[in-house]
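What follows is one structure encoded as structure tokens, with my remarks underneath.
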Amino acid sequence: MTTQRERTYLMSPPEHFAVEYAINPWMDTTAPVDTELAVKQWEGLRETFVRLGHTVHVLAPEIGLPDMVYAANGAFSVDGVVYGARFKYPQRIPEAAAHRRFYVDHGGWRFVTPSETNEGEGDFAYLPSFLGGTVLAGHGFRTEIAAHAEAQEALGRPVISLRLVDPRFYHLDVALAPLDDANVVYYPGAFSEATRAVLRQLFPDAVLADEEDALAFGLNLVSDGRNVVLNSEATALAAKLRAAGYVPVPVELTELKKGGGSVKCCVAELRP
Ligand code: ARG
């Protein structure tokens, strides 16, 4: 089901991006990072969304928060309610306040401050037409399962817990992505055996990615229901998506991969 819609996104430029600490297996503090190139590539991503007809809000980057470019992690919103983030690692904790300020300053949002550890859209995804509106939620590395229950109470939507088991795929959004309002693409190997059974039951028509697609950060994509913006290295996944009726839009994001993220990590969708 293609349900193309105009979207509103929040992104934060990687002006202060660096790999100063290592909190996931992709981060190597000895590998050089070209911050200027990171900004250029990020700008290309932002322009891609605008060209596709979407609105992009920009969150001012802050000195000392090198991972702030991964804006997906700052909150999770559904139908005007924002469930705030509470980061696992101390290095990223202050990012949550910057995101909170954005929603408070822009008005129209009900902001729910979390008590439980959760990393926003890194571990929460929303499918508006699946069972009338369903949240998919990852746990195992960052977001605590208690946050899934807290999100359900905050948002009034069913939350389905999915267990991640491979440290390379430490957030849900590097292992699974919504393609439209009711269907997903995912890499089964990132999930526990029982969760794989759950995903098969829920999404018999899902597009399945393989390890190579996942390692190329192919699953870390953003779809508007038709156009699927994804890492240009994920060429095999792009072909699978095309065969499934979507339009892959490849973008180059080599620098941000060094922090352990790609397209989706850079974007929080705003759902007023
Ligand atoms: N270096 C960041 C971290 O480990 C990367 C976050 C990637 N974001 C995402 N939504 N997967 O927290």
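Residues of segment 251-271 that are away from the ligand (no atom under 15 Å from the Cβ) and either of a type in the set (A, V, I, L, M) or more than 13 Å from W42 (Cα to Cα) (or both): V251, L270, R271. If you filter segment 8-26 down to residues that are away from the ligand (no atom under 11 Å from the Cβ) and within 14 Å of R92 (Cβ to Cβ), you find that the one that is surrounded by the fewest Cβ atoms within 10 Å (Cβ to Cβ) is H16. Within segment 112-145, being more than 21 Å from R200 (Cβ to Cβ), among the aromatic types (F, W, Y) and either more than 11 Å from the ligand (Cβ to nearest atom) or at pLDDT below 95 (or both) holds for no residue. For G108, the conditions (1) assigned to a loop (DSSP other than H, G, I, E, B); (2) over 20 Å from L59 (Cβ atoms) are fulfilled apart from (2). For segment 127-168, filtered to residues that are of a type outside the set (D, E, K, R) and in contact with a Pro (Cβ under 6 Å, 6 or more places away or on another chain), the residue that is nearest to A72 (Cα to Cα) is L127. Here segment 77-90 is the region considered, the condition is being within 16 Å of the ligand (Cβ to nearest atom) and under 19 Å from the mean Cα position of the chain (by Cα), and the residue that is nearest to T134 (Cα to Cα) is S77. Can you tell me which residue within segment 68-90, out of those that are touching a helix residue (DSSP H, G or I) at 6+ places or on another chain (Cβ under 9 Å) and charged (D, E, K, R), is surrounded by the most Cβ atoms within 10 Å (Cβ to Cβ)? Among residues in segment 68-90 that are touching a helix residue (DSSP H, G or I) at 6+ places or on another chain (Cβ under 9 Å) and charged (D, E, K, R), the one surrounded by the most Cβ atoms within 10 Å (Cβ to Cβ) is R86. If you go through segment 111-134 and keep only what is on the phi > 0 side of the Ramachandran plot, buried (at least 16 other Cβ atoms within 10 Å of the Cβ), outside any loop (DSSP other than H, G, I, E, B) and free of Cβ contacts under 8 Å to residues at least 60 places away in the same chain, you end up with nothing.
The residue list T55, T3 contains one member that is modelled with pLDDT under 95, among the polar types (S, T, N, Q) and either within 17 Å of the chain's Cα centre (by Cα) or more than 13 Å from the ligand (Cβ to nearest atom) (or both), which is T3.
I'd like to verify a number: residues in segment 217-235 that are among the aliphatic types (A, V, I, L, M) and in contact with an Asp or Glu (Cβ under 6 Å, 6 or more places away or on another chain), how many? Break it down into steps so the answer makes sense when it comes.
Within segment 217-235, the first condition is being among the aliphatic types (A, V, I, L, M), and the residues that meet it are 219, 221-222, 228-230, 234.
Right, trim to in contact with an Asp or Glu (Cβ under 6 Å, 6 or more places away or on another chain) and you get 234.
So the answer is 1.
Of all the numbered requirements in (1) part of a loop (DSSP other than H, G, I, E, B); (2) within 15 Å of the ligand (Cβ to nearest atom), M68 misses one, and that requirement is (1).
One residue is enough: does segment 27-38 have a residue meeting the conditions surrounded by 14 or more Cβ atoms within 10 Å (Cβ to Cβ) and within 11 Å of the ligand (Cβ to nearest atom)? Among the residues of segment 27-38, at least one is surrounded by 14 or more Cβ atoms within 10 Å (Cβ to Cβ) and within 11 Å of the ligand (Cβ to nearest atom), which makes the answer yes.
Yes/no per residue for (1) within 15 Å of the ligand (Cβ to nearest atom); (2) over 13 Å from the mean Cα position of the chain (by Cα); (3) part of a loop (DSSP other than H, G, I, E, B):
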{"site": "A177", "(1), (2), (3)": "yes, no, no"}
{"site": "A194", "(1), (2), (3)": "no, yes, no"}
{"site": "R200", "(1), (2), (3)": "no, yes, no"}
{"site": "G225", "(1), (2), (3)": "no, yes, yes"}
{"site": "V228", "(1), (2), (3)": "no, yes, no"}
{"site": "E233", "(1), (2), (3)": "no, yes, yes"}
{"site": "A236", "(1), (2), (3)": "no, yes, no"}
{"site": "A239", "(1), (2), (3)": "no, yes, no"}
{"site": "P248", "(1), (2), (3)": "no, yes, no"}
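A count restricted to segment 19-64 and to residues that are in a helix (DSSP H, G or I), touching a residue at least 60 places away in the same chain (Cβ under 8 Å) and closer than 23 Å to A98 by Cβ stands at 6.
The values are calculated or read from the model by the stated rules, or taken from the named source; none is laboratory data. No experiment lies behind these values; they were computed from the predicted model shown. Quick reminder, even Gly has a Cβ in these numbers, built from the backbone with ideal geometry, and neighbours come from all protein chains shown.
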